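Novice: First, the structure itself, so that you have it in front of you.
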Amino acid sequence: MPTAADPRKLVGNRVRKLRLKRRLSQEKLAELADLHRNYVGGVERGERNVSLINIVKLAHALAVRPATLIEPIS
């Protein structure tokens, strides 16, 4: 189970925050990013170790730079 300091959890929280800010459902974000909606849910819960290509897809769908998604990781 990922902890609060787990990078998967930090990226997931950032994705969720940006998705909600843009008023997108997980399903709509998945569609925009060309990913499965269950995958997006897993990312947001910190259950997925997101590949670089999927970070780029999610970032483009959220209209942010990929670095924005990994910024919380120290």
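Novice: Based on DSSP H runs of at least 4 residues, each adding -39500 (n - 2.57), what is the mean residue ellipticity at 222 nm of the chain after dividing by all its residues, to the nearest 500 deg cm²/dmol?
Specialist: Estimated from H runs of four or more residues: -18000 deg cm²/dmol.
Novice: Along the Cα→Cβ direction, 7 angstrom out, place labels at K21 and L52. What is the inter-label distance in nm?
Specialist: Result: 2.5 nm between the two label points.
Novice: Please list, in order along the range 13-23, the HN-Hα scalar couplings obtained from phi with the Karplus expression 6.51 cos²θ - 1.76 cosθ + 1.60 (θ = phi - 60°), rounded to whole Hz, x for Gly and Pro.
Specialist: 5, 5, 4, 4, 4, 5, 4, 5, 4, 8, 6
Novice: Something else: For the chain, what is the relative contact order in percent, using Cα pairs closer than 8 Å and at least 6 residues apart in sequence?
Specialist: 38
Novice: Let me ask something else about it. Restricting to DSSP loop positions (anything but H, G, I, E, B) with no more than 16 other Cβ atoms inside 10 Å of their own Cβ, which GluC sites (Glu not before Pro) remain in the chain?
Specialist: E47
Novice: While we're on this one: Using θ = phi - 60° and the Karplus curve 6.51 cos²θ - 1.76 cosθ + 1.60, what whole-Hz ³J(HN,Hα) does each residue of the range 25-32 get, with Gly and Pro shown as x?
Specialist: 3J(HN,Hα) across the range 25-32, in whole Hz: 7, 4, 4, 5, 4, 4, 4, 5.
Novice: For the chain, with every protein chain kept in place, what is the accessible area per residue (1.4 Å probe, Å²)?
Specialist: Averaged over the residues of the chain, the accessible area is 64 Å².
Novice: Tell me which trypsin sites (Lys or Arg not before Pro) from the chain have a DSSP coil assignment and no more than 12 other beta carbons within 10 Å of their own.
Specialist: Here the sparse-neighbourhood loop sites are R23.
Novice: Let me ask another. A67 versus N13, label points 7 Å from Cα toward the beta carbon: distance in nm?
Specialist: Using points 7 Å along Cα→Cβ, the separation is 2.2 nm.
Novice: Given N residues in the range 1-62, what is Rg(Cα) / (2.2 N^0.38 Å)?
Specialist: 0.99
Novice: Here is a further query. Short version: ³J(HN,Hα) in whole Hz for each residue of the range 45-61, in order, from phi by Karplus 6.51 cos²θ - 1.76 cosθ + 1.60 (θ = phi - 60°), x for Gly and Pro, what are they?
Specialist: Computed from phi, the couplings for the range 45-61 are 7, x, 8, 10, 8, 6, 6, 4, 4, 6, 4, 5, 4, 5, 4, 4, 5 Hz.
Novice: Leaving ligands, DNA and RNA out of it, report the carbon-plus-sulfur percent of the accessible area of the chain at a 1.4 Å probe.
Specialist: The computed percentage sits at 52.
The values are calculated or read from the model by the stated rules, or taken from the named source; none is laboratory data. A quick note: this is a predicted structure, and the numbers were derived from the prediction, not measured. Glycine also receives a Cβ, built like all others from the backbone with ideal geometry; neighbour counts cover every protein chain displayed. Side chains included, ligands, DNA and RNA excluded: accessible areas come from the protein's heavy atoms. Shrake-Rupley method; radii C 1.70, N 1.55, O 1.52, S 1.80 Å.
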